[in-house]
Amino acid sequence: MVNWISGEHLIQRFEEWAPKKLAYEKDKIGLLVGTLHKEVKRVMVTLDVLENVADEAADKQVDLIIAHHPLIFHPLKNVRSDQGQGKIVTKCIKHDIAVYAAHTNLDIADGGVNDMLAAQLGLKHTQILQPTYHEPLYQLVVYVPQSHAENLRHVIGDAGAGSIGNYSHCSFAASGTGSFLPRSGAHPYLGSVGKVEQTDEQRMEAIVPDHLLRKVVARMVKAHPYEEPVYQVIPIQNEGKAYGLGRIGKLAEAMPFERYCRSVKEKLGIDGLRAVGAADAMIRTVAVSGGDGNRLIPYAKYRGADVLISGDIYYHTAHDALLCGLHVIDAGHYIERVMKNGVRQYLSRVIEEEHFDTEVLISESVTNPFRFIV
C-alpha cells in the first residue's frame, strides 16, 4: 500500500529544524499559496519560485514547493494571470501546487543555509557571527511517587529534559510527603475516594528548552501513574541556546586574498565574484552570510574576520569595509542554492524515518538573474 505524507505533517517536521520563531520580523515565510491539507506525493525544493520553476513543478506533478526566497514578499496590488507574480500564483493554483517559504529562519537554523555554506567552504570551528535569538528555558517540576521516580526521570531525560552542555538527563530530586483527597468521580492510583491519602513522593526538577517543552510534558504525563499529575512549568532567566545570522570560522591554513578568491569560486561553483581588499593580504579567519551581508560587516570586523563572504554587498558598504580593514567577497545571492540539496537531505530522512513513499525532488530550473560576460 502506498503511503503519502500529509502536507501539514511534512511542514510540521520541517519546522522542527527551521521554526518560524527564528525568522526576522515581517519576513514573509510559511505557506504563501495553496493548501497543506492534502497528501503530498512529490515535494520540490527550490531557491526561488519563478515561472520556469512553476512550469517544472506542473510538468513533474509536484504537490508542494518548498522555497528559500518568498514568492510573495511585498503585498500584491492585484493577481493577474497574464503577468508578474500573478502569473506564477495562477499556475500554482491551477495545478494545485502549494508554495511554502523558509527564509531567514532557514538561514539561522542549526545546519541551515549559513552552516551549509560554511561547510562547503571548508571552514573549521565555526560559530555564530551575529546572535539574534536565545531560546527560552523552563524549569519543569513534577511530583511523583517514589516507586515511579526512577522511570519518570529516564522518560523525561530521553525526551530531552535536563540537557546542559555536554551532559544529558540532568535533574534534581527532593523527597517529601504528598497528600490528596480523591473526590467523587476520581479513579486514584493510590488511596480511596473520600479518604485523605498520604504517600512518599519525590519533587523532581529538570530544565527544558522551549522547542522540547510540549514533547517532554506529554511524555511525562503519559508515563506518570497518577490520574492527575501535579507539575509546574516555570520560566527561568538562564540563557538558552543561541541562534543567529552568519557564521565565522577558520581555514586550515592562511593564504593570500587573491588565491582565496579563486578557491571560493571553485568551492561555491560560481562563474565570478567581486572582491574588496588587497590581493596579497593573508586570509585565515572567514565570516560568511548567504544573503544580504551589509549589516554584518561591523560584526565580522569585531569578531576578527579577515574577510566576509556574502551574497550581496552595496557599493558604499564596500567603502566602509575598506576603511575598517575588512576584506569582502560578494559571491552573489545565488550561492544560497546550496540549500536545495540540504533541504532535500533533511526531508528525505524524515520521510524514510516515518516510512512514507513521498518523493523529494530538487528543482533543475536556473533562477539566477545574472550572468557574467567576459
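Specify the inter-centroid distance of segment 134-177 and segment 313-361, based on alpha-carbon positions, in whole Å.
What the calculation gives is 37 Å, centre to centre.
Could you work out, for segment 134-241, what percent of all Cα-Cα pairs fall into each 5 Å distance bin, beginning at 0 Å and stopping at the bin that holds the largest distance?
2, 12, 22, 22, 16, 11, 7, 4, 2, 0
Could you tell me how many degrees, from 0 to 90 and to the nearest 10, lie between the Cα long axis of helix 84-94 and the main elongation axis, the longest principal axis, of the Cα atoms of the chain?
The angle comes out near 50 degrees.
Counting other C-beta atoms within 10 Å, and keeping those with at most 14, which DSSP coil trypsin sites (Lys or Arg not before Pro) do you find in segment 69-161? Please list the in-between numbers first.
Values: sites: K77, R80, K87, K91, K94, K124, R153; in loops: K77, R80.
Here the sparse-neighbourhood loop sites are K77, R80.
How much space per residue, in cubic angstrom, does the convex hull of the C-alpha atoms of segment 197-286 take up?
It comes to 204 Å³ per residue, whole-number rounded.
By the scheme Lys and Arg +1, Asp and Glu -1, what is the net charge of all other residues having a beta-carbon under 14 Å from that of L347?
-2
Give me the 1.4 Å probe accessible area per residue for segment 134-241, excluding ligands and nucleic acids, in Å². All intermediate terms of the calculation are to be shown ahead of the outcome.
Values: 6580 Å² over 108 residues.
Averaged over the residues of segment 134-241, the accessible area is 61 Å².
With Cα extents along the principal axes in Å in mind, check [x] 89, 52, 39; [y] 78, 46, 37; [z] 78, 56, 40 and report the label derived from this structure.
Identified label for the calculated read-out: [x].
Quote to one decimal, in nm, the extra length available between S81 and A278 on full extension: 0.36 nm per residue of separation minus the C-alpha distance between them.
65.9 nm
Taking the Cβ of H125 as the centre, find all other residues whose Cβ is under 12 Å away and add up their charges (Lys, Arg: +1; Asp, Glu: -1).
+4
What angle do you read, to the nearest 10 degrees and between 0 and 90, between the alpha-carbon axis of helix 146-158 and the longest principal axis of the chain?
10 degrees
Per residue, what accessible area does segment 264-374 have, given a 1.4 Å probe and all protein chains present, in Å²?
Result: 54 Å² of accessible area for each residue.
Roughly how far apart, in whole Å, are the Cα centres of segment 69-113 and segment 43-61?
First find each Cα centre; the distance between them is then 11 Å.
Between Y302 and T199, what is 0.36 nm times their sequence separation minus the Cα-Cα distance? Round to one decimal in nm.
Using 0.36 nm per residue and subtracting the Cα-Cα distance, I get 31.2 nm.
Please sort 335-344, 235-244, 208-217 by packing, taking for each peptide the average over its residues of neighbouring beta carbons within 10 angstrom, highest first. List each step's numbers first, then the result.
Numbers: 335-344: 21.9, 235-244: 13.1, 208-217: 17.8.
The densest-packed peptide leads the list: 335-344, 208-217, 235-244.
Suppose the chain between A58 and S348 were pulled fully straight at 0.36 nm per residue; how much longer would it get relative to their current alpha carbon spacing?
102.3 nm
Rounded to the nearest 0.05, what FRET efficiency is calculated for I93 and N3 with R0 set to 30 Å and r the Cβ-Cβ distance?
Taking R0 as 30 Å, the efficiency between I93 and N3 is 0.65.
In degrees between 0 and 90, to the nearest 10, how far off the longest principal axis of the chain does helix 338-353 point, with axes built from Cα atoms?
30 degrees
Beyond 15 Å, what share of the Cα-Cα pairs of segment 1-81 is found? Please give it as a whole percent.
When every Cα pair of segment 1-81 is considered, 63 percent fall beyond 15 Å.
Suppose R0 equals 25 Å. What FRET efficiency, 1/(1 + (r/R0)^6) with r the Cβ-Cβ distance, do L31 and E227 give to the nearest 0.05?
So the FRET efficiency works out to roughly 0.05.
For segment 134-241, which whole-number percentage of the solvent-accessible area (1.4 Å probe, protein heavy atoms only) is attributable to carbon and sulfur atoms?
Details: 3250 of 6580 Å².
Answer for segment 134-241: carbon and sulfur cover 49 percent of the accessible area.
Taking the simple approach of a point 7 Å from Cα along Cα-to-Cβ for both V366 and Q127, what is their distance in nm?
Modelled inter-label distance: 4.0 nm.
To the nearest 0.05, what FRET efficiency results for K241 and K267 with a Förster distance of 25 Å applied to their C-beta separation?
Step by step, r from the Cβ atoms, then E = 0.30.
With Rg and the Kirkwood Rh both taken from Cα atoms, where does Rg over Rh land for segment 276-325?
Working: Rg = 10.0 Å, Rh = 10.9 Å.
Rounded to two decimals, Rg/Rh equals 0.92.
Note down the magnitude of the dipole of the chain about its Cα centre, charges +1 on Lys and Arg C-beta and -1 on Asp and Glu C-beta and zero elsewhere, to the nearest 20 debye.
480 debye
The values are calculated or read from the model by the stated rules, or taken from the named source; none is laboratory data. It should be emphasised that the depicted structure is a prediction, and the values quoted were computed from it without experimental measurement. Neighbour counts run over all protein chains shown; Cβ positions are idealised from the backbone, glycine included. Each accessible area value is taken on the protein alone, full model and side chains, heavy atoms only, with ligands, DNA and RNA left out. Shrake-Rupley method; radii C 1.70, N 1.55, O 1.52, S 1.80 Å.
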